[in-house]
Amino acid sequence: MLSTIIKRTPFFYGWIIVAGAFFGAFASGGIQGFTFSVFLKPMSDDLGWTRSALTAGIAINTLVASFIAPIFGFIVDKYGPRPIMAVAALVGGVAAGLLSNVTELWQFYVIFAVAGIFGGAALGEVVTQSTVVKWFVRLRGRAVAIGSMGGAASGAVLAPVITFMVATSGWRSGWVLMAAIFFMLLFPISLLMIRSPEDVGLTPDGDRREANSQNRSDDEVSWYLKEALRDKTLWFLTAALTVAGLCVSSVVVHEFSLITDRGFSSTTAAAVLSTHAVMASAGRLIWGFVVEKVKVRYAMSIVFLLCGLSVIMLVTVENSPLLFVFAVIYGLSIGGYSVTTAVAFANYYGRANVGSIRGAVSPLVTGSVAVGPVLIAVGYDLQGNYTMGFFILSLLYLIASGLTLLATPPQRVTTTTSA
């Protein structure tokens, strides 16, 4: 059946892979990204749990995902994303449904940890974007951009919907909606995923084979995992992403609560979050084209620089219009995070083992994503506000911007014939 679909597809099948990555990011972002910010305050108020306690669930979720990611990276390189994403759709849907019935904190932690494996790592960039970069070389930037837009789209679409559901039916109904998305949307498309174009007789970008041999020589040089781990560029890149990781999820998780704590309405906060998400989607597309023309480390450095400056705006503005200015600037900037990251790994280390290489450093990078929101929540519980925590996030973004410039293109010293 799948071979028939491939033959009858009137366009390059790689764009189906991009669509799969988009909906994977959409489902993942819905369960633990933008929309969790909407769940944070009502769950805390209803269940009597502190924000630190709830945010710790994200840390557990993300840490579990980070240590599973190397396994998923190996699987996606060897077998492709289909088995991982199909199981993620089923188990992630069950986890989302169970979250609608939690009454004890330990229940939330256990279920959310499972969601971290199947709603996070199995649908995250190690799986989905590592597959997209195998299908594209010449058009890699825009393909990665479109595939990664699903995470921001979940904020633009689901955040206001779930905000309305929480206001009218309670936060538990929001988790039921997430379960339906996993079962009814993600599972069907997961069955269409394929590891690489070569597996079905195609070539990257849909180029003709005759042209392929003239412009693919650089791409076909793929590093083995052991080689990459000995390369200093990988560790500069990892350091920059680890520092930035402390910030990325922290802003998303606490942005809604910060805005409402400062006296703005929940409607305004949801609108700012939605604007942020819409701009992040647009930003991904913009950066997708930019990174095809500009050296990836320069693009990534600019992304982190603009993010750092705009976070300062978030904690200092005093009126609603300037909150939306922040949402536009930060959204357009952070939109480049996923795009530049995926392109950097693929451009530097080739297509064949990109999943394994990204998976190997995931415990550090994703681990920082887990820790960041918890540290900000602890700061809030101790100080009663987010001001100091968000100023620190701004500084960390600026440090990441500098570290990125040190991640120059790696030079392969020796020829390795086995992994």
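The values are calculated or read from the model by the stated rules, or taken from the named source; none is laboratory data. Quantities reported herein were computed from a predicted structural model and do not represent experimental measurements. Cβ atoms come from the backbone with ideal geometry, glycine included; neighbour counts cover every protein chain shown.
Of the residues 378, 369, which is modelled with pLDDT under 90, of a type in the set (A, V, I, L, M, F, W, C), over 26 Å from residue 281 (Cβ atoms) and assigned to a helix (DSSP H, G or I)? Reasoning before the result, please.
Working: 369 fails: over 26 Å from residue 281 (Cβ atoms).
Residue meeting the stated conditions: 378.
If the condition is being at pLDDT 80 or above and surrounded by 24 or more Cβ atoms within 10 Å (Cβ to Cβ), then the stretch 139-157 contributes 140, 141, 143, 144, 145, 147, 148, 149, 150.
Which of the residues that make up the stretch 263-296 are among the charged types (D, E, K, R) and under 18 Å from residue 248 (Cβ atoms)?
First pass over the stretch 263-296, keeping only residues among the charged types (D, E, K, R): 284, 292-293, 295.
Matches in the stretch 263-296: 284 only.
Considering only the stretch 368-403, state which residues are of a type in the set (Ser, Thr, Tyr) and over 17 Å from residue 37 (Cβ atoms). First the steps, then the outcome.
Going through the stretch 368-403, the residues of a type in the set (Ser, Thr, Tyr) turn out to be 368, 380, 386-387, 394, 397, 401.
368, 387, 394, 397, 401 - these are the residues of the stretch 368-403 that are of a type in the set (Ser, Thr, Tyr) and over 17 Å from residue 37 (Cβ atoms).
Looking at residue 245 and the list (1) under 19 Å from residue 392 (Cα atoms); (2) touching a Ser or Thr at 6+ places or on another chain (Cβ under 9 Å); (3) surrounded by fewer than 22 Cβ atoms within 10 Å (Cβ to Cβ), which single condition is not satisfied? Unmet for residue 245, out of (1) under 19 Å from residue 392 (Cα atoms); (2) touching a Ser or Thr at 6+ places or on another chain (Cβ under 9 Å); (3) surrounded by fewer than 22 Cβ atoms within 10 Å (Cβ to Cβ): (3). The one condition from (1) in a loop (DSSP other than H, G, I, E, B); (2) free of Cβ contacts under 8 Å to residues at least 60 places away in the same chain; (3) among the hydrophobic types (A, V, I, L, M, F, W, C) that residue 84 does not meet is (1). Of everything in the stretch 91-111 that is of a type in the set (Phe, Trp, Tyr) and touching a residue at least 12 places away in the same chain (Cβ under 8 Å), the residue that is surrounded by the most Cβ atoms within 10 Å (Cβ to Cβ) is 108. Per the listing 102, 91, 126, the residue uniquely part of a helix (DSSP H, G or I) and either within 30 Å of residue 327 (Cα to Cα) or hydrophobic (A, V, I, L, M, F, W, C) (or both) is 91. I'm told residue 408 meets every condition in (1) hydroxyl-bearing (Ser, Thr, Tyr); (2) assigned to a helix (DSSP H, G or I); (3) modelled with pLDDT of 85 or more except one. Can you identify the failing condition by its number? Result: residue 408 fails condition (2) only. Hey, any hits in the stretch 161-183 for a residue that's out of contact with any Leu (no Cβ under 8 Å at 6 or more places or on another chain), of a type in the set (Phe, Trp, Tyr) and either at pLDDT below 85 or closer than 26 Å to residue 248 by Cα (or both)? Yes, the stretch 161-183 contains a residue that is out of contact with any Leu (no Cβ under 8 Å at 6 or more places or on another chain), of a type in the set (Phe, Trp, Tyr) and either at pLDDT below 85 or closer than 26 Å to residue 248 by Cα (or both). Going by the structure shown, is residue 228 at pLDDT 85 or above, among the aliphatic types (A, V, I, L, M) and touching a helix residue (DSSP H, G or I) at 6+ places or on another chain (Cβ under 6 Å)? So residue 228 fits the description; yes. Summed over the stretch 1-10, the residues that are in contact (Cβ under 8 Å) with a residue 12 or more places away in the chain and either under 19 Å from residue 186 (Cβ atoms) or not in a helix (DSSP H, G or I) (or both) give a count of 2. Scanning the stretch 260-283 for residues that are closer than 15 Å to residue 338 by Cβ and either modelled with pLDDT of 90 or more or hydrophobic (A, V, I, L, M, F, W, C) (or both) yields 277, 279, 280, 282, 283. Of the residues screened, residue 335 is one that is assigned to a helix (DSSP H, G or I), surrounded by 24 or more Cβ atoms within 10 Å (Cβ to Cβ) and touching a Phe, Trp or Tyr at 6+ places or on another chain (Cβ under 7 Å). Once the stretch 23-62 is narrowed to residues that are outside any helix (DSSP H, G or I) and at negative phi, the residue that is surrounded by the fewest Cβ atoms within 10 Å (Cβ to Cβ) is 50.
Among the residues in the stretch 315-325, are any of a type in the set (Val, Ile, Thr), buried (at least 24 other Cβ atoms within 10 Å of the Cβ) and modelled with pLDDT of 90 or more? No, there is no match, as no residue in the stretch 315-325 is of a type in the set (Val, Ile, Thr), buried (at least 24 other Cβ atoms within 10 Å of the Cβ) and modelled with pLDDT of 90 or more. Taking the criterion of being modelled with pLDDT of 75 or more and charged (D, E, K, R), the only residue of the stretch 98-125 that qualifies is 104. Of the residues that sit in the stretch 234-254 and are at pLDDT 95 or above and not hydrophobic (A, V, I, L, M, F, W, C), which one is nearest to residue 390 (Cα to Cα)? Applying the filter and picking the extreme gives 242.
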